[in-house]
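Just below is one structure, and these are the notes that go with it.
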Amino acid sequence: MEVIIQPEESAAAWLVARIIAKELRTNPHLVMGLATGRTMEAVYEELVRLHQEEALDFSLCHTFNLDEYVGLRPGAAGSYRAYMNRHLFSRVNIDRRDTHLPDGTASDLDAECRGYEALIRKFGGIDLQLLGIGQAGHIGFNEPLSALRSRTRVKQLTPTTILQNAPLFGRPGKVPRRAITMGVGTILECRRCVLLATGREKAEIVAKAVEGPITSMISATALQLHPWCTVVVDEEAASELKGGAYYRWVFANEPEWAEFRLLKQRRPSGPGPTARTPRSPRRRSRLKA
Ligand code: F6R
């Protein structure tokens, strides 16, 4: 695991978007795992800007979202499908048929979960998984006591999560009580994980997730087992980390991060130096229809 501390929320989101953009430019057929929530909005905003101003091309990639509420139609305002359409899919050149979320209205939810896992496998697995973290330490909707080897399944949401997500629905009573979520085991199988957390209210759980013991009570601690997990935080979310000085030193000195440090310095004056022309419009799917 590596931790990158950025001065503020916008810089943290900007860095995460740049990591995604680099992966997508290296592999236009990237299979991306996506997250929703307030924290991700700034990342999607920056990805849209990269698409519009720096020709970031989404036409060949595929996406799998972490989760969806049970009982909400895809068009329903609070659904994660609606969130993704609003913040990303309707604003970049991605074909909706290449975007996948679990169907929370499926008549057989267990079959839907098994099918979602099978579909991820069919695409060769997830290359890059974007993650947020809930105040109770969940990734996806893997609430406390989620098995560290769990697969996509239906989970009951905790009262903490229901309260955290209530603003999207107007009041807690309207938040669905259950969701389909990728499991912790599903997430651990992706090639690379990038977790973004910002704000003072995430500081305590970020410290537990990164520096605390691995426990199913805090599913994000399982990321310590992942071979390539980058945690990006702003100063506020980093405020309870014990190893901050070391994490800053690594970011300042590791050659891997040099281009991101440079880009950050250039940020106010316009696009970074790696803009490319779009690839050929010809679609080549990793998966035969
Ligand atoms: C949702 C998801 C959740 C959120 C987490 C943080 O798809 O994966 O784990 O990332 O609840 O949500 P915010 O960003 O709203 O604090």
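Read the figures in this text as sums done on the coordinates, not as results from a lab. What you are looking at is a predicted structure, and each value in this text was computed from that prediction instead of being measured. Reconstructed Cβ throughout: ideal geometry from the backbone, glycine too, with neighbour counts over all protein chains shown.
Figures for the structure shown
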item: Calculated diffusion of segment 136-199, Stokes-Einstein form, Kirkwood radius summed over Cα pairs, 10 °C and 1.306 mPa s, µm²/s; result: 125 µm²/s
item: Rh by Kirkwood over Cα pairs, then Stokes-Einstein D for segment 163-228 at 1.306 mPa s and 10 °C, µm²/s; result: 114 µm²/s
item: Estimated 222 nm signal from helices in the chain, with DSSP H stretches of n ≥ 4 weighted -39500 (n - 2.57), rounded to 500; result: -10000 deg cm²/dmol
item: Considering only the chain, percent of DSSP beta bridges that pair antiparallel, nearest 5; result: 25 percent
item: Per-selection Kirkwood Rh - the chain (Cα, Å, 1 d.p.); result: 19.2 Å
item: Count of lysine pairs in the chain with Cα separation under 29 Å (8 or more residues apart, or interchain); result: 15
item: Karplus-derived 3J(HN,Hα), 6.51/-1.76/1.60, for each residue of segment 243-251, Hz, glycine and proline x; result: x, x, 4, 5, 4, 5, 5, 4, 5
item: Candidates SER90, SER107, SER146, ranked by Gaussian network fluctuation over the chain, Cα under 10 Å, top entry; result: SER107
item: GNM flexibility winner over the chain from GLU254, GLU143, GLU235 (Cα, springs under 10 Å); result: GLU254
item: 5 Å binning of all Cα-Cα separations within segment 1-90, expressed as whole percents from 0 upward; result: 3, 13, 21, 25, 18, 13, 6, 1
item: Ranking of VAL194, VAL43 by count of other Cβ atoms within 10 Å, fewest first; result: VAL194, VAL43
item: Cysteines not pairable in the chain (beta carbon separation under 4.7 Å absent); result: CYS61, CYS113, CYS190
item: Descending semi-axes in Å of segment 74-211, equivalent ellipsoid built from Cα gyration tensor; result: 22, 20, 17
item: Segment ASP95-LEU225, length gained on full extension (0.36 nm per residue, minus Cα span); result: 43.4 nm
item: In segment 6-79, the trypsin sites (Lys or Arg not before Pro) that fall in loop regions by DSSP, at most 14 other Cβ within 10 Å; result: ARG38
item: Gaussian network model of the chain, springs between alpha carbon atoms under 10 Å - residue of ALA222, ALA118, ALA13 with greatest fluctuation; result: ALA118
item: Projected-area average for segment 27-153 over all orientations - Cα convex hull basis, square nanometres; result: 8.0 nm²
